[in-house]
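The values are calculated or read from the model by the stated rules, or taken from the named source; none is laboratory data. Keep in mind the model is a prediction, meaning the values are calculated, not measured. When we count neighbours, we look across all protein chains shown, and the Cβ atoms used for this are built from the backbone with ideal geometry, even at glycine. Each accessible area value is taken on the protein alone, full model and side chains, heavy atoms only, with ligands, DNA and RNA left out. Shrake-Rupley method; radii C 1.70, N 1.55, O 1.52, S 1.80 Å.
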Amino acid sequence: MAEHVLNGVGAAPGFAIGRVFRYAPRETATESQAINQTEIEAEVARLRDATDRARTRITAAREAAAKSGEAEAAIFDAHLLMLDDPAMIGESERRIREDHQPAAIAVEQTAAALRKMFDQIEDSYLRERGKDVTDVATQIIRALQGDASPSTAQTLPPDSVIVADELLASDVALLDMERVTALVTAQGSRTAHVAIMARAMGLPIVVGVTDILSRSRDGDVVTVDGERGEVVLSPEPSTLARMEERINTERQERLRRAEFRDLPGLTRDGTRIALFANIGTPDEIEAALEQGAEGIGLVRTEFLFHERSDLPDEQEQFLTYQAIAQGMANRPVVIRTLDAGGDKPVAGIPVATEMNPFLGVRGLRLSLKHPEILRTQLRAILRAAASGDIHVMFPMVTTVDDVRAARQILASVGAELEAEGIEHRRDIPVGIMIEVPAAAVSADRLIKEVDFFSLGTNDLAQYVLAVDRTNELLATNYSPLDVAVLRLIERAVSAADAAGKPVAVCGELAGDLEAIPLLVGLGVRELSMTATRIPQAKELIRELRVGDEAQAAQARIA
Ligand code: PEP
Ligand code: MG
């Protein structure tokens with residue numbers, strides 16, 4: 001058979017060669033006949049019993065997923081909640097009682113109606129969550145039909161490339177992943193739970209390969225490129241050879257990285273430079289550790305507030321921060337309070353339209369205008385601090401008064417938790433971002449108010465240079481290594497040094513190979529960057545001599 005190339009969307013990177021295993025399509029309800037009055041109670045009892053069995057299965061899937069990480073397990077917590085939701089089970093019961101529908105049909109139609117509501121949501125991430133409804137309904141229907149799950153009924157040959165119309169999170173959690181090398185689906189998107197789980201498990205996945213089921217048969221040899229989103233059926237020997245080479249290169253690169261991972265970021269003349277990762281969600285912890293991150297220097301908590309119209313409550317935030325702290329197992333984690341507003345609006349917090357959003361109600365300014373939102377977040381952070389080495393950091397600080405106002409709220413929240421007898425930790429390090437020029441200029445005053453600084457060079461550069469960091473027309477004017485920016489960095493670092501307090505850089509410069517020698521030369525000893533940059537940064541740092549770099553940096557800013 002001739003080679004056949006199919007294209008989709010690469011939703012988790014990696015390369016694989018394997019054989020097609022077509023995953024059994026999920027059953028749909030078939031018993032369409034209406035039931036009569038005398039059968040109603042028995043049918044409701046059947047539904048309840050099936051719901052209990054679905055709960056047992058989902059709990060098992062949760063445990064399997066927890067091996068990949070708490071974030072994956074949380075997907076199933078949402079499913080378990082859905083089993084208790086009146087919109088799902090209550091409505092299905094109503095359809096049995098009032099419409100005399102058999103249980104499986106009642107569940108299927110309830111799920112279809114809920115799915116319709118999700119499908120109308122514009123936001124692709126939330127729309128994707130409608131799949132959870134299908135997943136949960138499928139579990140109940142399978143339990144009603146009394147069959148074993150296809151994943152346990154079918155044994156997988158080794159090196160299977162799972163091919164399916166659509167894969168649900170529970171399918172993946174229960175598949176024997178030791179035998180799976182890649183996933184390919186006809187439907188799905190980058191934000192599907194299955195894609196999130198594949199990324200966490202390091203498995204390549206290509207979604208949206210519409211023809212995959214009609215073109216493939218069980219046992220066909222197939223190559224999968226999770227980066228480019230390419231699937232090749234019955235590959236020619238030359239295609240196979242190319243893919244083998246890529247797999248080998250990737251393996252060698254992983255080994256090389258692993259070699260560096262356990263080495264310290266130590267300059268030739270013995271100065272220790274700590275290498276931390278910036279993350280947006282708990283999903284990224286595993287990759288951060290794999291790249292050798294010694295801690296998390298910036299958690300952008302905005303992710304919890306995006307793509308929704310309500311605000312995350314204290315418990316949701318607490319569980320997320322706790323998952324991060326536990327995932328990092330006592331390594332430092334710097335949680336930045338909400339940095340919304342301006343160019344990053346949050347639907348749940350109404351703000352007036354602004355002429356100059358970057359100079360507007362952003363970051364800490366926004367939090368101080370909505371103290372109740374800040375209080376909720378700080379309560380969650382202090383509670384999570386009981387399970388790890390959590391530091392808290394405020395963004396967009398301009399004046400000493402800003403810091404005092406924020407610290408006052410922090411102290412009052414701590415006292416409140418104490419009075420309520422809720423487990424927490426209050427004596428955590430408190431820091432601020434230095435990203436507004438005024439803060440860098442007054443760094444000597446600000447450092448007296450806090451335990452550490454972290455330099456947000458992305459914003460610092462845009463404000464010092466008066467160049468909107470997102471304006472493509474000014475891309476060449478946006479130069480974070482301009483001497484004016486470096487002078488402010490030096491000023492902030494010297495102020496922190498004089499006070500004997502640590503200073504990190506968490507803007508993009510921290511992972512920039514041209515900037516690292518300069519930052520080290522200016523006295524920065526902690527760099528927090530996108531995790532994938534860590535190995536190269538470490539390799540470079542191990543070649544530097546601080547003495548030489550200090551001289552070079554001084555010459556540069558003279
Ligand atoms: C920065 O401004 O450098 C920074 C790290 O924060 P953000 O990019 O999230 O604004
Ligand atoms: Mg910033």
#### Entry: Options N471, N477, N458; residue that is more than 22 Å from A552 (Cβ to Cβ), out of contact with any helix residue (DSSP H, G or I) (no Cβ under 7 Å at 6 or more places or on another chain) and not basic (K, R)
N471
### Query
Give me the pairs: first residue in region 389-405 and among the charged types (D, E, K, R), second residue open to solvent by 10 Å² or more (accessible area, probe 1.4 Å) and within 16 Å of ligand 1 (Cβ to nearest atom), beta-carbon distance under 8 Å, and six or more apart or on different chains, which are they?
D402/R365
### Task
Examine region 480-496 for a residue that is among the acidic types (D, E) and farther than 16 Å from L460 by Cα, and state whether such a residue exists.
no
### Summary
Screening V397, V334 for residues that are within 16 Å of ligand 2 (Cβ to nearest atom), part of a strand (DSSP E or B) and either modelled with pLDDT of 95 or more or not assigned by TED's automatic domain parsing to the domain that holds V467 (or both) leaves only V334
### Query
Does region 247-259 contain any residue that is surrounded by 18 or more Cβ atoms within 10 Å (Cβ to Cβ) and at pLDDT below 95?
yes
### Task
Could you grab me the full set of residues in region 540-558 that are open to solvent by 70 Å² or more (accessible area, probe 1.4 Å) and under 16 Å from G511 (Cα atoms)?
R542, E543
### helices (runs of 4 or more DSSP H) contained in region 22-112 and holding at least 1 residues of a type outside the set (K, R) and at pLDDT below 80
40-66, 70-83
### Task
Would you mind stating whether R365 is within 13 Å of ligand 2 (Cβ to nearest atom) and either touching a strand residue (DSSP E or B) at 6+ places or on another chain (Cβ under 9 Å) or modelled with pLDDT of 95 or more (or both)?
yes
### Message
Residues to consider are T281, T267; find the one that is among the hydroxyl-bearing types (S, T, Y), touching a helix residue (DSSP H, G or I) at 6+ places or on another chain (Cβ under 6 Å) and within 30 Å of F15 (Cβ to Cβ).
### Response
T281
### Residue ID - least open to solvent (accessible area, probe 1.4 Å), chosen from residues in region 309-332 that are of a type in the set (G, A, S) and within 18 Å of the chain's Cα centre (by Cα)
A325
### Task
Could you please find all residues in region 404-414 being among the small types (G, A, S) and either open to solvent by less than 50 Å² (accessible area, probe 1.4 Å) or not assigned by TED's automatic domain parsing to the domain that holds L368 (or both)?
A405, A406, S412, G414
### Query
Are any residues in region 462-477 within 29 Å of the chain's Cα centre (by Cα) and more than 12 Å from ligand 1 (Cβ to nearest atom), and if so, which ones?
D468, N471, E472, A475
### Matching option when the condition is under 23 Å from T271 (Cα atoms), under 32 Å from the mean Cα position of the chain (by Cα) and within 16 Å of ligand 2 (Cβ to nearest atom), among L519, L509
L509
### Message
Between a residue in region 285-306 that is outside any helix (DSSP H, G or I) and any residue that is aromatic (F, W, Y), which pairs come within a Cβ distance under 8 Å, given they are 6 or more apart or on different chains?
### Response
G292/F260; A293/F276; E294/F276; G295/F276; I296/F276; G297/F276; L298/F276; V299/Y321
### Task
Could you please find all residues in region 446-461 being open to solvent by 10 Å² or more (accessible area, probe 1.4 Å), assigned to a helix (DSSP H, G or I) and within 15 Å of ligand 1 (Cβ to nearest atom)?
N458
#### Entry: Filter result (within 16 Å of ligand 1 (Cβ to nearest atom) and open to solvent by 10 Å² or more (accessible area, probe 1.4 Å)) within region 269-301
F276, N278, G280, T281, E284, R300
### Task
Select from region 333-366 the residues that are among the basic types (K, R) and within 13 Å of ligand 1 (Cβ to nearest atom) and write down the one among them that is surrounded by the fewest Cβ atoms within 10 Å (Cβ to Cβ).
K344
### Task
Name, by its number, the condition in (1) crowded, with 19+ Cβ neighbours inside 10 Å; (2) within 16 Å of ligand 1 (Cβ to nearest atom) that does not hold for G226.
(2)
### Task
Tell me which residues, restricted to region 416-445, are within 16 Å of ligand 2 (Cβ to nearest atom), in contact with a helix residue (DSSP H, G or I) (Cβ under 7 Å, 6 or more places away or on another chain) and part of a helix (DSSP H, G or I).
P437, A439, A440
#### Entry: The lone exception for T532 - which of (1) farther than 27 Å from A438 by Cβ; (2) at pLDDT 95 or above; (3) part of a helix (DSSP H, G or I) it fails
(2)
### Task
Report, by residue number, each residue of region 307-331 that is assigned to a loop (DSSP other than H, G, I, E, B) and either closer than 25 Å to G456 by Cα or not assigned by TED's automatic domain parsing to the domain that holds L275 (or both).
E307, M328, N330, R331
### Query
Which residue, of I489, I516, is open to solvent by less than 10 Å² (accessible area, probe 1.4 Å), part of a helix (DSSP H, G or I) and more than 20 Å from L446 (Cβ to Cβ)?
I516
### One residue from D468, D497 being open to solvent by 40 Å² or more (accessible area, probe 1.4 Å), within 14 Å of ligand 2 (Cβ to nearest atom) and either assigned to a strand (DSSP E or B) or farther than 21 Å from M529 by Cα (or both)
D468
